Amino acid sequence: MPSALSLPPIRPPVWARSGHAQTLFGVWLPVAAPELQPDMNGLARGDGRGVTRFDVTLADGDRLATLEARPDFVAEGAWVVHLFHGLTGSSSSGYIRRAAERFRALGHIVVAVNHRGAGLGTGLARGMYHSGVAHDVRAALAAGRARHPDRRHLAIGYSLSGNALLLALGRDRADLPDAAIAVNPPVDLAGCVARLLRPANKLYDLNFVRGCVRLIEERVHLGLLPPQPRFGLHDTIRDFDERVTAPLAGFADADDYYTRCSARPWLTSIDVPTVILASRDDPMIDWRDAGEAPRSTSVGVHVMPHGGHMGYLARNGALGSKRWLEDALAMSFEHLATSIGEP
């Protein structure tokens, strides 16, 4: 990149100074951005506005439910912005809705992807998505390219999807976007899981396990999978990966999955202009995994002192807060677009 990206500092609210508070309040606070809902029969309104659903068929027959949202007025030189959610998320997640609203307001076309079985994709997939689904990310990007072959494409991956996106960029190096942003990506999966096993992080671990179990039970109920192992309160995300993720995804065990799907070793191979956003107080991910990793000159890493895991709440007045992340995404995009130049 020809110049360094400068992002505004985060002054956290007095009640969100810790990484845990940033993470939890980032989820709990109301989401003002509207839901992405397809128009009647999945068709856009006659004036060209609205949300259209289309499914991306994968090589094994599973499908990804995908929503394309057009702005009221498409800007000259508008990009297509692909949004990929994190573990147990969907296109209805608050961070996806906020990003969609921001980029639509800027005149860009937004494509929000539901991973296998997530959100609107319930019943469309036998397989489970995981941190290594770079092939699914690539398939979604290829479908977006086919729909908009004359536009440039930005991919934004959150958490789990951030790692999968970086794998696609550095390891697979095919069906790539023109630019990419990864938000709090767990580029060292074994290290991330080890942090989740700490007593202070039990709430997050339990939430992920419950969400993953719910996704797998839906497939069993629909007859897409045979009965799977049962999990209790003391089981961890590592137990789930060992007993469900690894065998369903073709890995020998959890360690094999973590080793083969961690993006950290591939950051040096990325040629696509890329921004990685991380925070020092992320309770789930050690910022040094990406912040101190060897990487190519195409990758810029920006580690903020506050933000937790995808919280990024900034002070607004005495006790209020505002969302910093969407400002950072818009600024990162502008920086990437400028570094690439005109098509």
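The values are calculated or read from the model by the stated rules, or taken from the named source; none is laboratory data. From a predicted model like this one, the values you see are computed outputs, not experimental measurements. All Cβ positions, glycine included, derive from the backbone under ideal geometry; neighbour counts span all protein chains shown.
In region 165-185, is there at least one residue being in a loop (DSSP other than H, G, I, E, B) and under 11 Å from the mean Cα position of the chain (by Cα)? Yes, because at least one residue in region 165-185 is in a loop (DSSP other than H, G, I, E, B) and under 11 Å from the mean Cα position of the chain (by Cα). Just wondering, is there one or more residues in region 256-275 that are outside the structural domain of Val137 (by TED's automatic domain parsing), touching a Pro at 6+ places or on another chain (Cβ under 9 Å), over 30 Å from Trp324 (Cα atoms) and at pLDDT 95 or above? Scanning region 256-275, I find no residue that is outside the structural domain of Val137 (by TED's automatic domain parsing), touching a Pro at 6+ places or on another chain (Cβ under 9 Å), over 30 Å from Trp324 (Cα atoms) and at pLDDT 95 or above, so the answer is no. In region 77-90, what residues are over 10 Å from the mean Cα position of the chain (by Cα), crowded, with 22+ Cβ neighbours inside 10 Å and assigned to a loop (DSSP other than H, G, I, E, B)? Hit for region 77-90 is Trp79, nothing else. Contact annotation: residue pairs with Cβ atoms under 7 Å, 6 or more positions apart or on different chains, pairing a residue in region 207-224 that is modelled with pLDDT of 95 or more with a partner that is assigned to a helix (DSSP H, G or I), are Phe208/Ile237; Val209/Ile237; Val209/Phe240; Cys212/Phe240; Ile216/Val244.
Remark: pairs (first residue in region 265-292, without any contact (Cβ under 8 Å) to a residue 24 or more places away in the chain; second residue surrounded by fewer than 21 Cβ atoms within 10 Å (Cβ to Cβ); Cβ separation under 6 Å; 6+ apart in sequence or on different chains) = Trp287/Arg280; Trp287/Val303; Gly291/Val301; Gly291/Val303. Can you tell me which residue in region 243-302 is farthest from Asp178 (Cα to Cα), limited to those that are in contact with a Phe, Trp or Tyr (Cβ under 8 Å, 6 or more places away or on another chain) and surrounded by fewer than 16 Cβ atoms within 10 Å (Cβ to Cβ)? Here the residue is Arg280.
Among the residues of region 225-242, not one is in contact with a Phe, Trp or Tyr (Cβ under 7 Å, 6 or more places away or on another chain) and hydroxyl-bearing (Ser, Thr, Tyr). If the condition is being more than 23 Å from the chain's Cα centre (by Cα) and assigned to a helix (DSSP H, G or I), then region 218-238 contributes Val220, His221.
The strands (runs of 3 or more DSSP E) falling completely within region 267-343 that include 3 or more residues that are within 20 Å of the chain's Cα centre (by Cα) map to 274-279, 299-304. Restricting region 91-121 to residues that are over 19 Å from Leu141 (Cα atoms) and among the hydroxyl-bearing types (Ser, Thr, Tyr), the residue that is surrounded by the most Cβ atoms within 10 Å (Cβ to Cβ) is Tyr95.
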